[in-house]
1. Only one residue in C:GLU45, C:GLU87 is within 14 Å of chain D (Cβ to nearest Cβ), under 16 Å from C:ASN26 (Cβ atoms) and among the charged types (D, E, K, R), so which one is that?
2. Being more than 24 Å from A:LEU232 (Cα to Cα) and among the charged types (D, E, K, R) is the filter; apply it to region A:119-154 and report the residue that is nearest to the chain's Cα centre (by Cα).
3. Scanning region D:488-533 for residues that are basic (Lys, Arg) and outside any loop (DSSP other than H, G, I, E, B), which turns out farthest from the other protein chains (Cβ to nearest Cβ)?
4. Kindly evaluate D:VAL401 against the criterion of being in a strand (DSSP E or B) and not assigned by TED's automatic domain parsing to the domain that holds D:MET479.
5. Considering B:ASP77, B:ASP53, B:ASP123, which residue is among the acidic types (Asp, Glu) and within 22 Å of D:GLN668 (Cα to Cα)?
6. Are any of the residues in region C:65-74 closer than 18 Å to C:TYR31 by Cβ, of a type outside the set (Gly, Ala, Ser) and out of contact with any strand residue (DSSP E or B) (no Cβ under 7 Å at 6 or more places or on another chain)?
7. For the condition within 30 Å of D:ASN226 (Cα to Cα) and of a type outside the set (Phe, Trp, Tyr), what is the one hit in D:GLY338, D:GLY345?
8. Is region D:163-171 home to any residue that is at negative phi, assigned to a helix (DSSP H, G or I) and modelled with pLDDT of 95 or more?
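The values are calculated or read from the model by the stated rules, or taken from the named source; none is laboratory data. Everything quoted here is computed from the prediction, not taken from an experiment. Positions of Cβ are backbone-derived with ideal geometry, glycine not excepted, and every protein chain shown enters the neighbour counts.
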Amino acid sequence: MKVAYFPGCSMHGTSREYGESLHAVAEPLGVELDEVRDWNCCGASSAHASSRMLAVALPARSLALAEAQGHEQLLAPCAACYNRLAGARHEIAEDAELAGHVKRILARPFENRVAVLNAVEVLRDLGETIKAKATSPLKGLKVACYYGCLLVRPAAVTRFDDPEDPSSMEAVVKACGAEPVAWRMRLECCGGGFSLSRKPSVVRLGRAILEDARKAGADAIAVACPMCHSNLDFRQKAMARDGEDKPPMPIVFITQVVGLALGIAPEKLGMQRHFVSTKRVTSRGNGEATAPAAEVG
Amino acid sequence: MEGTATATGFEPRITAFVCNWCTYTGADLAGTSRLQMAANTRIVRLPCTGRIDPAFVIKAFERGADGVIVSGCHPADCHYTAGNYHARRRFAVLRELLSFMGVDERRVTFSWVSASEGAKWRDVVNGAVERVRECGPFESYRALAGGV
Amino acid sequence: MSAHEDAHHPVPRTLADKVRAATGLNPARCYQCGKCSAGCPMAAETTLRPHDVMRLVNQDRPDRLMDDESIWLCLGCETCAARCPNECEPARVTDAVREIVAAARPDAAPRAIRAFHAAFLDQIRKHGRLGEMGLIMGYKLRSGHLFADAAAAPGMMSRGKLAFVADKVEDVEDVRRIFAGCAAHGEEG
Amino acid sequence: MARIGVFVCHCGENIGRTVDCHAVAEALGQVPGVAHAVDYKYMCSDPGQQLIKAAIAEKQLTGVVVAACSPHMHEKTFRRAASSAGLNPFTCEMANVREHCSWIHEDRASATAKAIDLSRMMVEKVKRNVPLSTIRIPVTRRALVIGGGIAGIQAALDIADGGAEVVLVEKAPSIGGHMSQLSETFPTLDCSQCILTPRMVEVYQHPRIRLMSWSEVESVEGYIGNFKVTIRKKARGVDEDKCNGCGACTRACPNKRIPSEFDCGLGKRPAIYVPFPQAVPNLPVVDRARCTLLIARSKGKKDACMKCVEACQRGAIDFEQKDRFVTEEVGAIVVATGYQLYEIGRDQGGRKDLHGYGEYGYGTIPDVIDGMQFERLASASGPTAGRILRPSDGREPRTIVFLQCVGSRDPAKGIEYCSKICCMYVAKHAMLYRHKENGGRAVVFYMDIRAAGKGYDEFTRRAIEEEGAEYVRGRVSRMYRDGDVIKVVGFDTLGGEPFGVDADMVVLATAMRPQPGIESLAQKLSVSYDRHGFINEAHPKLRPVETNTAGVFVAGACQAPRDIPDSVSMASATASKVLGLFSNEMLEREPTVARVDAAICAGCFHCERVCPYGAVTHMEVKDRQGNVLKVVADVNPGVCQGCGTCVATCPSKSVELQGFTDEQVWAQIQAFLG
């Protein structure tokens, strides 16, 4: 399977480990990532907060570049980029007048032929391969699968799963031998773009997500979005209510979970780059005795 | 009355052969719902699409129609149980004949409109008028038929 | 007459007309059932919830939408649009209202949020991609939160999460032309 | 030379606003063959009709064209007026210049030009009309009622009391429909069984009603007054004559763990069962899919269990019974198949255009039930003998949340209409719960309370003012299980605040939909239905209980969401229509039927093959000596329905459809195009 790869701006910065783990698992799973040459930022929440045209034209440029590279499918692992790219493709397909304006502004050949995929969708479809190659299944590891918002909504754009009752990430986690837990906050927003400009909201929303995951007995929360990851991992300390010392909740990327199950070394998956220690997860993977040893740190 | 080329450009004249039980009633519903549509069509009511003889369509073109609509009940909904099945088969053949005779396919519209689909009838009419307007006045056939 | 306007609204006059012209959505479909606001994660922090925004659009009250920061606190999480029985898409209506309000009063949004969006778009205009360092610097200068998260810098650095040099888009001119094209479209759009 | 009168109607403003009626009349006045052309404000009014009668007499008119509304509205009115003035009614036609012209165009010039064209087309057609006389056909004075709910029961009783025979076909093992599942009924809180069971017994004992339960309509042929209906009597596994309904077999059956459809899965029933104690007929049915004996037999194994056969004193159990087919001749058919509730689960009965409520858990959250399940809990004959208990753990719920409009008024889920009865039964449910559990909290999430019947609004006010039901205006965004509590995430749009409730039970007031399989039944009856499957009435205001197919009538919730009072009054209205039909000896039918010209018919009988009604017969043409010259086709006017398929098929054009001849169609084409 050969796909155009749209890394997105955070893949080299705050969520390097998402990029590293994606590349680490892509090869064994037979996914060839051909980066879109000269891709540009998808505009995320800021573009569509200022103008609908910009919010569509920016991602459209990257779609046009992927098309020029002869690709039929484009993988955007970051949920925000995936939403903007798939959203742009959907709006251009639905609104002929908008499409006309975008093509004029882009001033390059563009027929909107490239389908946009997200990482969860791709991993779900590779479920059998993952199960087959899972040399060190994460037995006994309880994972809360967190979709957030842009991965599954709006339904017309993100058609890969049921927006109110998704099951793709759970399927991937099961394929890795781990056990998805039933919890309720998996579709609630984490505060997204307010990470810098309005921290209290992110703390309030993130706290509710962490508490629910703990209540469901999860050992870790799996995410597929750099913004959700940074809000729940980097800001997790701020979310602890004062005077409470609840055990930290590791926030791992779904690609890291798959990487561990495939027996890839934690360093190659960037497990050391998290703010909240991922020891509880890594000790479970790469062939160590899967007896639930006492957790440390 | 010739196809009047009014100020907004060419106004096609379109004959619509419809069945009484579904499309005619659907057109009535479009009326009671005040759904605005192009005024280029004139409806000829027949009991069933099974009654619509392909010769009517050809005759309409011969007398100067720019477009023809044929519409009746959805398959399986026919008031006479099977009339529209015969019609479907007949018009599949007629479509071939018309294109063989050089009549642009966009001039003929076949559709199924039920008694509760007023909006669909409006869309069928407006769609047909737009497509026929693109084709322009239907001179070629009229010249053949003795330039009446 | 653009595809969004229909026969009855040739020139957008009311706020609802403008929203409809911009998005193709019909705000009048909203029957104020409150289901969007019930699911809105920011309902606890805002005074004007999604169904209030829809009400004020239908009542043509841009003034009340301008004097309140609620529309700027929308996360764009699409929960309201997913749950709305009439598919009014309050999220996209809020986007359109923000565009209209910002055009009338550029400083309507709270300073921190304006600073973030400005810093973000400035980064893309300059490099075509977002350099996190550049974003944080740009945000701090504009928002005045000079020392926010300063303590986090070393942690970020040690984890290799601070990309100093924002890798640039070679044809950054192309990206800048898109910005200009959209801005031009914005005027006559 | 034809002498035709043209009468252009203003219809008050309806036509006059966009069509210049006077100009139309004047234009038609110039048309050769038109002897009289006037316009008038209200042609269908009495003075309007007088104009027609006077003109016919004065000018010896040979035909009339009324340019007004749709023939579906007033063709009969004007034909009656014409014939009372001595003109053959079938030479009077209408040009539809309202629904097909004035109402759908704004530009006065093009609307007036179109009205003139339409009127001229009709004049040319009427010139070629020939006087026809109605066809008289016999009427079978027996009615078929499909569906044994309260609507079907009422219709059957009224028709039978009116002296006609009735065949009542019910798909389920017993009649009673959904009403038999209800506890009390609004607005009077009558016990449903108490007011329904007497009617059911009345049906069973009525000399002129033949009840066929556990049966379905297989096929329908014929037409008004002369339908031939084939009914499939499904195999009960019990001989109806021998069984006296003692119930020994149902008690003896060891497999009692099967979810009862009657109790919506909350109660259990044996493999041979009677749906509910007051069932009519009181005959058990063998559930062939779940009976261990039949399962064993289907796998070719030894007979596993014969408990019911042993228990039955009268040897009534008969596993060899097969479906049987019965044919009935009836003159009228009443469709009264009732409703089903929208599914709270993910699957919507296979319908792609309907979606479930993922945000409410797709029906997977325990103790989230629908209105009918609540009825079964509240019903004294229900699985919990009337105590409201949680299906999951049997505990009494301290807080129940009721959600209005689940499915209804929700275009995103595929249903845009309001189901009319939920506001009332939710108020009733809240009241019943508060009566039974005085300390319990009943919270109702609503948008608008629609209680417009007699005593209805007072009923909902009583639930709020005296029974302590808490009404919160706002739709719930989602709900989820938290421990053994259901968290309901709502919003109080009047108070302007989020409004959450921890509920022990949630009742979803789900939308009313027509019964499954209504589409195929409608096609068997060649009756039209709307997008949702509700049967289309002939005219929403003027002919609400008839359908466009003569002789087929409709009653109850199969036509639109409807409560019991409306269903009963509609059923009686339908019965009066049926009795009206049966009151005349012979039926008059439109003479628009096909006629063969024996002289030019070559006897290829293509017409016979395409005729859906088998109206074409073979006729020998003989010379004076009686030798057969040729065999030609001949149409039986009594059977022919006038669809005209034969006319368009006939290679030699030797069959004509009276009222829609080829010549008349050419004339209309020429009148328009020149």
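1. The match here is C:GLU87.
2. A:ASP125
3. Applying the first criterion (basic (Lys, Arg)) to region D:488-533 yields D:513, D:524, D:531.
Applying the additional criterion that residues be outside any loop (DSSP other than H, G, I, E, B) yields D:513, D:524.
Values: D:ARG513: 16, D:LYS524: 9 Å.
Among residues in region D:488-533 that are basic (Lys, Arg) and outside any loop (DSSP other than H, G, I, E, B), the one farthest from the other protein chains (Cβ to nearest Cβ) is D:ARG513.
4. no
5. Values: B:ASP77 fails: within 22 Å of D:GLN668 (Cα to Cα); B:ASP123 fails: within 22 Å of D:GLN668 (Cα to Cα).
Among B:ASP77, B:ASP53, B:ASP123, only B:ASP53 is among the acidic types (Asp, Glu) and within 22 Å of D:GLN668 (Cα to Cα).
6. Applying the first criterion (closer than 18 Å to C:TYR31 by Cβ) to region C:65-74 yields none.
Taking every residue of region C:65-74 in turn, none turns out to be closer than 18 Å to C:TYR31 by Cβ, of a type outside the set (Gly, Ala, Ser) and out of contact with any strand residue (DSSP E or B) (no Cβ under 7 Å at 6 or more places or on another chain).
7. None of the others qualify; the one that does is D:GLY338.
8. No.
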